[in-house]
Structures are given as structure tokens and as C-alpha cells.
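The values are calculated or read from the model by the stated rules, or taken from the named source; none is laboratory data. The shown structure was predicted, so the numbers you read here are calculated from the model rather than taken from an experiment. Glycine also receives a Cβ, built like all others from the backbone with ideal geometry; neighbour counts cover every protein chain displayed. The protein model used for the area step is the full one, side chains on, heavy atoms only, and it has no ligands, DNA or RNA in it. Shrake-Rupley method; radii C 1.70, N 1.55, O 1.52, S 1.80 Å.
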Number of protein chains: 2
Amino acid sequence: MFQSFSESSTPDDGPARLADLRQELVAAGLDGFLIPRADTFQGEYVAPRDARLAWLTGFTGSAGFCIALANRAGVFIDGRYRVQVKAQVDLDHFTPVHWPEVKPWDWLKEALPRGGKVGFDPWLHTLSEIEGYRDGLKGCGIELVAGENLVDRIWVDQPPRPSGKVTAYPLEFSGEKSGEKRTRIAKILLEAGQCAAVLTLPDSICWLLNIRGSDIERNPVVHAFAILLDDGKMQFFTDPEKVKDLGPDPNIEVLDWDAFEEALAALKGPVRVDKASAPIHISDVLREAGIEIDYRDDPCILPKARKNATEIAGTREAHLRDGAAMVEFLYWLDGAKDKPGLTEIDIVTKLEGFRRATNMLLDISFETICGSGANGALPHYRVSESSNRTLEDGDLIVIDSGGQYFDGTTDITRTVCVGNPGGDERAAFTRVLQGMIAISRVRWPRGLAGRDLDPLARYPLWAAGQDFDHGTGHGVGTYLCVHEGPQRLSRSGEVPFEPGMILSNEPGYYREGAFGIRTENLVVVMGAPELAGADKRDMLSFETITFVPIERRLIEVDTLALAERDWLNAYHAQVIEKIAPRISTAAKGWLLKAGAPI
Amino acid sequence: MFQSFSESSTPDDGPARLADLRQELVAAGLDGFLIPRADTFQGEYVAPRDARLAWLTGFTGSAGFCIALANRAGVFIDGRYRVQVKAQVDLDHFTPVHWPEVKPWDWLKEALPRGGKVGFDPWLHTLSEIEGYRDGLKGCGIELVAGENLVDRIWVDQPPRPSGKVTAYPLEFSGEKSGEKRTRIAKILLEAGQCAAVLTLPDSICWLLNIRGSDIERNPVVHAFAILLDDGKMQFFTDPEKVKDLGPDPNIEVLDWDAFEEALAALKGPVRVDKASAPIHISDVLREAGIEIDYRDDPCILPKARKNATEIAGTREAHLRDGAAMVEFLYWLDGAKDKPGLTEIDIVTKLEGFRRATNMLLDISFETICGSGANGALPHYRVSESSNRTLEDGDLIVIDSGGQYFDGTTDITRTVCVGNPGGDERAAFTRVLQGMIAISRVRWPRGLAGRDLDPLARYPLWAAGQDFDHGTGHGVGTYLCVHEGPQRLSRSGEVPFEPGMILSNEPGYYREGAFGIRTENLVVVMGAPELAGADKRDMLSFETITFVPIERRLIEVDTLALAERDWLNAYHAQVIEKIAPRISTAAKGWLLKAGAPI
């Protein structure tokens, strides 16, 4: 079982550790220290050794940070974690702060006098982040000081760096040789007049080198840094032990972590650095060595997002496999959910079991969200032993999950009902479905970005005075991170969609204390198919690659427009055609009913 | 009759005038000169004395410019004017250039050697525009030089500045005293630490002073400059003769044009200047006087766009009056269009007659667009004696028109058919209508701008591989300019909508050489009405204020979703309720049929 349901944290250890940290503050001549949740790679998941925020405070959320001062310690958490933080930290010693409503610099200005000095570990913060602090603190005489990590100094039994084995990601799945990718990116550098690019994003490095790793959970990435030169050669910094089975490549020099700073200082400029993702320490090293820095985005991000035909084919296959597991699961759930005593944990466990039964599951792609009743109204709800809930008649259950397979990464949400759903639930489910169908059907003139399409997913909800407070969709990797940029289907999505980009299409609706709804398929951006009567316009469209039936008992059929009903019936016909050959006879019987025309 | 159908231009005069201009170039030591279409106020309409581009080249379009060099003269025109320019300029002496595809600086770089000097009149160009040139010319050694207007020097019989009478715009229409407006805007200046704002946009000045003018056609504005001080006092620069009937105001000093530069140089800084609309000469004067400039948008733009309750009430009434005239017109047209020989000019003339018959029409708000058959495919088509076309069976006719009334400005488009329309026409008309209904029905969370809603108007067309190449809507003034910012319903609309803003809602479809379609109502942004079952969200919506039936013979009823059909029937019921009491008995009989439920 990949997922665990235990509370991995207790508020008990925090106060003593905070006291230790404060002694270090005094010794270092500092008035405070920043403890981010992020590691040096700025990813969504961190290794145990990097779980400094959880170790110090008890708070285990996936975003947030602590600022520890001599007389107070603020734990900055966003809207998702307002409740959780209170259960996880010792409130006599740590103060939850509502972020981003309260800016950390404003909090610091109120807490510290002029001349205050706040330390931070320059490997754990990006230049953009520190620039934000320095802008915010301008004129108030409080200074941010890079230095040693004081948490690491007091964390006696801090785990070592992860050393997960690295595997090659072969051409039959990557579709392009690493050498060709490196030549392609090197050309971008040459054209921009850059002699080298520093790469610090693990999924960029994995994509570029056609490798995958096992340093952290859920995301099959390798913890490493890299320098790509404008001739396509590369230096790769990690624990050499991890890659020794890969065999040598004359164009790739494998070096230990320790060699990174020296290699940076030996570069010719201008060096391309992504200020939004690279640790600020890299800029400091380059600057001190007198090397010119050209701040631009990581040059792998956009090429990686444009999946090639091989990656798309692999992802399609992964979705058929995953879809078959989901259908077996939904068939089981349909029979089990009305029996007394079934809990959220039972459902999560069973679902992972169906994915494991494919014999191809390498990991789940994130912690399964299974929220029944009022728990479903928390978009990022993760069930634990203490929050676990038994299903009740009339419940909706939001189940958002995915798998990591060698050929692709999946992410799917279905909402099902127990017994007879209420009218509000069905009306909202139908609106969410209309939004999801609008995105599935849209074709648009090339050049538009996520922001331009996001409103289409909300229009039916808006008409009822409703909405949802998350984006409509995120980018998805190919056996890489389930959250991948730069494309996104949201108000902040400004990068134009290009063929090959994979996105989720997941509108929802959440009524606090009552119920939640979300329906999610993955889609791939494609050139729009030819159409009789169309203008000569370069248009794009989404191809849906998730094939799992949508809960018909929650649909108000009369609300759907003809085109929406046609889409749903055609979709379900495709689900049956593609998935029926891959599932058990009993599940097939169920699927034929679940996917029958409405 | 406001509208004229004569070709006001001939290509014959251009060559001799160009030769004269070239002599002036030599005398001034210049290699070229910019001749913009714009006047110093950057408006859509110019006075005869400012029609320099038309005088020099023969080209009368509403956008474009000429760059005259010793050996060539480029006339830069956008997609709307590619055909027209060829008929209006002497092609042996002037070369049409496709703009904005070809940037003028790139054209200059190709045409001139290093050291080239191009003159321009600093009263006719904004700082933003000249910055664009200077950026584009960076490093190529070609220089832009401010100086005397060489066209004015050779234009012997150039008309004088307009001296249209200024009238007060009373409180019963403006809804807020000028003194209160000035106090409000002065507070904005005070808060921004600005001592004064320079105002150069005629509609800003008219709004702020509650006056209207008659210096140009179509837009009832006053040509003037103004300086607003941070205590609410104002200097107003124009021909004092124009305003002498208004009576004195101790807080407003009326000065002649000549006094403007001196007054600028006497200001204390920082002075607020809008670099996108103010002539660059203003910045030059301030800079030379050592006065600090704070570049920000004209502080009246946003307050003017948020119409108050009085302005909205006036605009509603103007639309009912205009709607009644439109219905009388459509009733007439319905009887006349199938008879042989009816032309576009007949229709335009008749329509203006129905508006005049209200006895309230002060002007048309722009040249009526009446495009039948293939002429309808030109979104900005303006009929002339030579382009005039006789209606034929199967034609669609796009009629886009509006009136200036003392209580408001109207703008409406209806598309009607002659005889039996084709299937493609009806399908496209229905899609355009669906987009127009989507905008009419949308409610959205406060904070969104035109860019966020624009795709809703296009979605049905996109689904058929179609689109239209103009924005979905523009802001509209209150007895001011029919095109008013900053709000707009388009991909470039980034200013969030606020209650009181008036916009057009006018999706269309154009098939070159065949037909055009556009349906347009005006809408006002309002707080969204209460709704049972809605979340607690601050949402806005549009209230439609145009009441004229939509051609039912062009609607594919079965394509409409239930909600769309409901909207249309409710809209037509409102049209009948509001307009029937205002029209002739015969027209009423027609309206009852035209607006019957579908």
C-alpha cells in the first residue's frame, strides 16, 4: 500500500525543538530564521530529510512556512490548512498566520525593530522569493541574511539525502534521444547568446536525460542539479552511486554534489538561471565569481510540456489501463457503498488494490482524495484514521486519484452517490458536468491560453450564482509529476496552449459542511480535426484520454443541451468500446449499464 | 441628413502636395515626415483642419498614417482599408503598406541609411507612440525629430480650428455636479502625491466639466486642454468665444489655446500625464521646465466609465426612444425589402429619417453601416454612391447604427434577410445569437475583465470552426463617444468590469465575398440579482438596455438550448412591453408578430 492513513505528526516535539533553534539564533547573532516547507528543488513532495517544517512545528501540509523569532513563531498557512494546523502544532508556542492574506514581511515589520536580522538557508529559497521579501522590507531596516541552516544544525537524527536508484527511460517511451533533446535545448541557449544553463528542477533534468528516479514519493524524479553547456554537453551533480548502473555517456559528466559550486564558478557567462525555481545560492556563487547571469525560465519547461507522439501514445495506453482499473473499482463500489459500515479508508484501500492488480502500478501519482459527505467539500481532503468517515445514505463521494505507470501518469476524479441524492446535489453536479463538457468540446484559435478558456468551465455554475475556488485544470507529466507547468487551465494561465500539452479538466463545486463535487478527465491539446463548413483558421482542440463512466444518477438530463447530451453519449460509447475488452465479465455488464445512452 | 454618401476624396491632388512637402523636407534638413491620421486629441473623428492624411494622400480611412520620404511615401493601413486605399491614393506616388504586419520602424530602417532624420509634429503623437518608434529604431542610427508641422506649412487653405458652441450638460442628465467630480478626482491626485493632472482627452474634459460641444461630427465633445489642480481648481484652454455663454465659475479659469504651454511650465510637480493619450509635446515642455512627471492614466477615464444612476436612467430612456425608431424602421424595411430596386443608401436614409422623427436626434453616433450581400462581410463597410448595392433575394443585410440624444448614446446592430436565407446563413446567425445570448446571460465573480468573458461569445462559432476578427464589445459613453474605454469585451480587455459600465455585446460572422452577420445590444454592468440557491459570492451581471426584435427567420430554433430559447422569448416579451406603447398601430401589429415566442 502506497498511501498511509496515520497522522505522521504530533504537536508534542515542537516546543523543545523551537527552544533549541532559539539558542542557535542567539549564537548566530540573528533575530529570526525562515523555515520553508520547500526543499532545494522547489517540488511538491520533499524527502524525509527536507521535512524541516514538519519536524520543527508538527505541521505536515504541502505548502506553508514558519518564521521563528526569539519571542514568537508564526506558522504561515493558506486556506486549505486553517483547520489542520490547529491540530498539528502546539498553539502555546506556534501562532498560525493566515497567508497570503498576511504577508510575511508585514508580519516581520510588526514583530522586529529596525536593525533586525533574519537568517535563511540560500539553498531553500529562490531569488524571486527573496526579492519579494526584500521589496516588502524596503526601508524598514530589517535585513535578510543568507547563512547556514539552523534547523539542520539542531536536527540530530536528520535522515540522509535520498539515494534512490536511477533508471533509464528508454526511447520507446521518451520518443526522443537525450542527445537530441540536449542539442535542441543547446540551440536555444546559443540563439539567446547564453553559454550555459543551470538546471535545478528534477523533472526538467529527468526529461532531458531520459531518466527516472525514486528519491521521493509520488514523483519519479531524481534529486540532482545539472549544467547544460551550449554545445549540448552536460554536467550532472548527484550521488554517483545512484546512477552507476546507467553506463557512461561521453557527453555527460557525473559529479558528486560537492562539485557543483566549483563547476558554477568555472563557467563562462552569460549563464541562464531561472530565478523562479533556482536556489538563490546559485546566483550568489555566480555573481561572486564575476559571471554574467541571464535570468530566463528553465529552457526545458516548454519543450517538456509539448509531448511528442510517443509520449502521447504511452499516456493514452496508461489511461486505458488505469481506466479499466477504475471501472472495476466503480463496479465494486456500486455494490459495496449501500452496505452499512463502508468507510473512506476502505474505498481508498480498495482503489489502490485495483490499480495494483494491473501489475504495472509503480506508485500512486498523489495521495488519493476520497471525501464523502461534508468531507467532499474540502477540495484537497486527505483521509486519515481520525478523519475517516462511514458512508451515509444520500452522500456524494468525491474520489480523485491517479497512478504512475512507466508509460504515463494518470489523474481522474469521479463523484458518485450513495442512495438517493438530493436535488441541489444533482443540479450542481449537472452544472459541473456542463462546464467539463464545454472544455471537452471547445476548439479555439491558436494563441489562446488557459485564462481564455477557464470561464467556459464556470459559466453554468455562474448562472446559478455558484463557482469553485480552484483552477479548472493543471498540466500533467509523462511518468513524471502529476502537476507540471507551464500550461494551466486557470485565471493565471497565460502560456498559450500548444499541441501535445496534457491538462486536467476538472471543474467542481463545494458546499461547506454539506457536499463536494468534482469531475475530472485528462485531455491533450491537438490540432482541431477538419470540419465541413469551417473557416480557414488554425484552431486547436482537446482530445480526452480518460475513459471512465460518469455517474448518471447525478445528472439532470433535461438540463443538458442537445450538444451536451450528444457529447456524453458519444463519450460513454467510447468508454465501452475501449474499456470493455479490458475488464472482467461482471464489470463489463455493469459498464454497459453505466454507459448506456441517456 | 447627417450621413453623406459622396466620395469626399480624389487621388488627383496627392502628387502635387507630396512634391510640395518634399521641398519642405529639404528646407528643414529632414529625410522624412510622419503624417498621422490622428489629431492632438487622439480621437476617432477629426476636424477638417486636422484631416492632414486625407488632404495629402487622398486616403480617408479612420486609422492609418503616411511616412513621406524623398523617394517614396508609404501609406500604412490595416486590414479594413486594403481595398479602399487603392481607390483613394495615386499608386504611382503612394505605396500602401500593410500595417501592423509591417512595423513603420522596420520600413524606415529599410528605406533610410544611418543618420536619417524623420520629422514629426509633437502635438500629434503621444509619448507611447514615439517611444515605440525609438525602441524600434534603436541602434540603426535613424533619428526622430520633433518640429513644425510641414503639412500645415504647405496647406494654404487649411481650415481654422473648429469653434463649435459649448453647452452645459445639466445635473438632471449628468447626475453629479462638476465641482463634486473635480473634488473627487483632485482627491485621487492628492492620494497619489500629484500636484496636478494634464487632461487632453475631450470626453474626459466634457465629463469633468459637465459640458458638451460641437467641434466635430458624431462625438459631442469640446476641443480643449485642461489642467486640474489637486485642490479641484481647473484651467481650461480653448477658444474662449466657444464658452462665453456658459457663465463664469470661480474655480475654472478659461484661457486661450496660446496660454497652455506657459501654464504647463508654471506648474509644480509631480504632474500626472497620460503617456498613451497626451501629445509628447506636453512632456517636453514639462521636462524642459524641470517639472517632475508622473506617468499614469488620465484620472477621469475610470470614473467616467462608471456611469451613475442618473446617467444610466438617461441612457435607458434614450434606448427606448431609439428602439421605437428602430422598430418603425424594421417594420418599414420588412415591407420594402422584397420590392425591386431598394438600395443600401435608401435604407440608411430611411433609418436616419426614423431617428430624426423622434425630434430628439442631435446626431447619429457614427456613420451607419448597411451592408447587404457580400458588402455585409466587411465589418466596417460604409456605403457610398459608388459602392451602393441593390438588394437581392437571399441577401442578409447588416445594419449597425446609433443616435446621439441629450440623455444618451445608442448603438445597435440587427441583421435581416431578404426572401429565403440559405442554410449556412441561418446556422451562422444562430451561432452568433448563441454567443450574444451567452454574454447577455452571464453572471461572473467581481474582478473579471473583458478578456475573461469574450470567449463565451465565440464558443458556439468556434465549435463550427468559425470566429470573428473583432472584439465582442466596446465601452459606450453617455451622450459622448460611442467608443469609450477603458472597459472592453475583447482579448485585450484587462480592466475589471465595474457596476455602471456600458458596453456593446456584438458578436458577428463574416464570410468574404458572401455575407455578414452581426447582432448587437448594449448592456450595463450591474450587481447580479439575488438568486435562490446561490453561494455568498459578489457577482456581477449585464442588464440589456437595447429593445428591438431579433430576426426570427434567421434562427434555427432547434439548435438553441432551452435556456437560450427562454432568454430570447423573455427578451422579446420585454421588447413588446416596452416599445409597443411608443410606436404606431401598424408597427405594433408587426412587432407582436416579430416578437412572438419561438
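Numbers below:
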{"read-out": "Breaking point among (1) open to solvent by less than 50 Å² (accessible area, probe 1.4 Å); (2) in a loop (DSSP other than H, G, I, E, B); (3) within 12 Å of another protein chain (Cβ to nearest Cβ), for A:Tyr479", "value": "(3)"}
{"read-out": "Residue in segment A:273-289 that is of a type in the set (A, V, I, L, M), farther than 28 Å from A:Gly119 by Cα and modelled with pLDDT of 95 or more present", "value": "no"}
{"read-out": "Members of segment A:252-287 found to be open to solvent by less than 60 Å² (accessible area, probe 1.4 Å), within 28 Å of the chain's Cα centre (by Cα) and of a type in the set (D, E, K, R), listed by number", "value": "A:Arg272, A:Asp274"}
{"read-out": "Scan of segment B:218-251 for residues that are surrounded by 18 or more Cβ atoms within 10 Å (Cβ to Cβ) and not in a loop (DSSP other than H, G, I, E, B), ordered by number", "value": "B:Phe225, B:Ala226, B:Ile227, B:Leu228, B:Leu229, B:Met234, B:Gln235, B:Phe236, B:Phe237, B:Lys242, B:Val243"}
{"read-out": "Qualifying residue in segment A:371-380 (condition: buried (at least 17 other Cβ atoms within 10 Å of the Cβ), among the small types (Gly, Ala, Ser), within 14 Å of another protein chain (Cβ to nearest Cβ) and more than 30 Å from A:Ala309 (Cβ to Cβ))", "value": "yes"}
{"read-out": "Residue identified as under 25 Å from the mean Cα position of the chain (by Cα) and more than 30 Å from B:Gly485 (Cα to Cα) among B:Asn359, B:Asn388", "value": "B:Asn388"}
{"read-out": "Condition broken by A:Ser384, with the remaining ones in (1) part of a loop (DSSP other than H, G, I, E, B); (2) polar (S, T, N, Q); (3) at pLDDT 95 or above satisfied", "value": "(3)"}
{"read-out": "Inter-residue pairs, beta-carbon under 7 Å, first under 15 Å from B:Arg552 (Cβ atoms) and in segment B:416-427, second among the charged types (D, E, K, R) and assigned to a helix (DSSP H, G or I), 6+ apart", "value": "B:Cys417/B:Arg553; B:Pro421/B:Arg553"}
{"read-out": "Matching residues in segment A:435-456 - criterion: being among the hydrophobic types (A, V, I, L, M, F, W, C), closer than 17 Å to A:Ala528 by Cα and open to solvent by less than 10 Å² (accessible area, probe 1.4 Å)", "value": "A:Ile437, A:Ile439, A:Val442, A:Trp444, A:Leu448, A:Ala449, A:Leu453"}
{"read-out": "Residue that is of a type in the set (Lys, Arg), within 23 Å of B:Pro445 (Cβ to Cβ) and out of contact with any His (no Cβ under 8 Å at 6 or more places or on another chain), where the choices are B:Arg511, B:Arg491", "value": "B:Arg491"}
{"read-out": "Filter pass, A:Pro597 being in contact (Cβ under 8 Å) with a residue 12 or more places away in the chain and in contact with a Gly (Cβ under 7 Å, 6 or more places away or on another chain)", "value": "no"}
{"read-out": "All positions within segment A:454-473 that are free of Cβ contacts under 8 Å to residues at least 40 places away in the same chain, facing another protein chain (nearest Cβ under 10 Å) and not charged (D, E, K, R)", "value": "A:Pro455, A:Leu456, A:Tyr459, A:Pro460, A:Trp462, A:Ala463, A:Ala464, A:Gly465"}
{"read-out": "Selection status of B:Ile185, outside any loop (DSSP other than H, G, I, E, B), touching a residue at least 40 places away in the same chain (Cβ under 8 Å), buried (at least 17 other Cβ atoms within 10 Å of the Cβ) and more than 23 Å from the chain's Cα centre (by Cα)", "value": "yes"}
{"read-out": "All positions within segment B:425-434 that are open to solvent by 10 Å² or more (accessible area, probe 1.4 Å) and of a type outside the set (A, V, I, L, M, F, W, C)", "value": "B:Glu425, B:Arg426, B:Arg431, B:Gln434"}
{"read-out": "Subset of segment A:25-47 (residues that are touching a residue at least 40 places away in the same chain (Cβ under 8 Å), open to solvent by 10 Å² or more (accessible area, probe 1.4 Å), among the small types (Gly, Ala, Ser) and under 18 Å from A:Ile154 (Cβ atoms))", "value": "A:Ala28, A:Gly29"}
{"read-out": "Unmet requirement for B:Phe5, which otherwise passes all of (1) out of contact with any strand residue (DSSP E or B) (no Cβ under 8 Å at 6 or more places or on another chain); (2) of a type outside the set (Val, Ile, Thr); (3) more than 22 Å from B:Val85 (Cβ to Cβ)", "value": "(3)"}
{"read-out": "Looking only at segment A:49-69, and only at residues there that are more than 18 Å from the chain's Cα centre (by Cα) and in a helix (DSSP H, G or I), the one that is farthest from A:Lys117 (Cα to Cα)", "value": "A:Arg49"}
{"read-out": "Extreme residue, nearest to B:Glu498 (Cα to Cα), among residues of segment B:457-472 that are open to solvent by less than 10 Å² (accessible area, probe 1.4 Å) and among the small types (Gly, Ala, Ser)", "value": "B:Ala457"}
{"read-out": "Counted residues, segment B:388-424 - those being open to solvent by 40 Å² or more (accessible area, probe 1.4 Å) and either assigned to a loop (DSSP other than H, G, I, E, B) or within 18 Å of B:Leu461 (Cβ to Cβ) (or both)", "value": "8"}
{"read-out": "In segment A:430-447, the residues that are in contact (Cβ under 8 Å) with a residue 60 or more places away in the chain and not in a helix (DSSP H, G or I)", "value": "A:Val442, A:Arg443, A:Trp444, A:Pro445, A:Arg446"}
{"read-out": "Subset tally (residues that are open to solvent by less than 30 Å² (accessible area, probe 1.4 Å) and under 16 Å from A:Glu241 (Cβ atoms)) for segment A:163-181", "value": "2"}
{"read-out": "Enumeration of residues in segment B:542-567 that are closer than 22 Å to B:Glu317 by Cα and either aliphatic (A, V, I, L, M) or free of Cβ contacts under 8 Å to residues at least 12 places away in the same chain (or both)", "value": "B:Ile545, B:Val548, B:Ile550"}
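Every residue, every condition in (1) under 20 Å from A:Gln404 (Cβ atoms); (2) part of a loop (DSSP other than H, G, I, E, B); (3) open to solvent by 40 Å² or more (accessible area, probe 1.4 Å), yes or no:
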site	(1), (2), (3)
A:Asp298	no, yes, no
A:Thr310	yes, no, yes
A:Ala318	yes, no, no
A:Ala325	yes, no, no
A:Trp332	no, no, yes
A:Asp338	no, yes, yes
A:Gly353	yes, no, no
A:Thr358	yes, yes, no
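Here is a yes/no grid of residues against (1) in contact with a helix residue (DSSP H, G or I) (Cβ under 9 Å, 6 or more places away or on another chain); (2) more than 30 Å from A:His125 (Cα to Cα):
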position: A:Asp274; (1), (2): yes, no
position: A:Asp294; (1), (2): no, no
position: A:Leu302; (1), (2): no, no
position: A:Ala325; (1), (2): yes, yes
